[in-house]
Amino acid sequence: MKRIISTLMILCLIFSAAACSTSQPDEDEKTYDSAPVIVINGNEYFADIVSIVNELPDGYEYGGKLTEEQIKYAYINGTEYYLDKHKENLYDFYVYQECGTPVDDENVDNTKRQWAYVRWSLKE
């Protein structure tokens with residue numbers, strides 16, 4: 001009898017382990033293996049490294065603070081964001097964050113850290 005119970009317990013463990021290893025993550029548990037991304041309402045926003053500025057463009061105003069969940073895959077220091085409140089849809093916004101320093105129109109020196117506004121925009 002003990003042998004039958006032991007065998008059944010082992011089979012249960014095997015089947016439950018197999019079920020766990022073959023399950024797909026829920027949409028809420030989506031992982032991101034690519035570039036850093038901010039996720040807001042299911043929309044993915046990516047940093048534009050050529051849009052690192054010390055002053056916000058005209059029309060951008062404080063929008064609030066991003067949540068830990070929204071920046072979970074962004075890997076950034078900084079949560080305050082700024083948006084163009086005159087636009088109906090959130091296409092882009094700036095985050096005041098720690099970042100590298102632009103050295104020309106296409107390159108950033110990540111060894112020279114600074115705090116600046118970085119533009120994040122919808123994935124196209």
For the range 37-122, size of Cβ-based charge dipole, Lys and Arg +1, Asp and Glu -1, in debye: 260
Pairwise label distance in nanometres, HIS86 with VAL50, each label 7 Å out on the Cα-Cβ vector: 2.4
Karplus-derived 3J(HN,Hα), 6.51/-1.76/1.60, for each residue of the range 91-105, Hz, glycine and proline x: 8, 8, 7, 10, 10, 7, 8, 6, 7, x, 10, x, 10, 7, 5
From the C-alpha gyration tensor of the range 70-124, square roots of 5λ in Å: 22, 14, 11
Computed FRET value (nearest 0.05) for THR101 with ALA35, which takes r as the C-beta separation and R₀ as 30 Å: 0.95
Distant-in-sequence amide H partners of ILE40 (H built 1.01 Å from N, under 5 Å): TYR45
Label-point separation in nm, GLU68 to TRP115, each point 7 Å along Cα→Cβ: 2.1
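Only the coordinates and a few stated rules stand behind these numbers; no lab work does. Not measured: the values here are computed from a predicted model. Here Cβ is always computed from backbone atoms with ideal geometry, including for glycine, and neighbour counts include all displayed protein chains.
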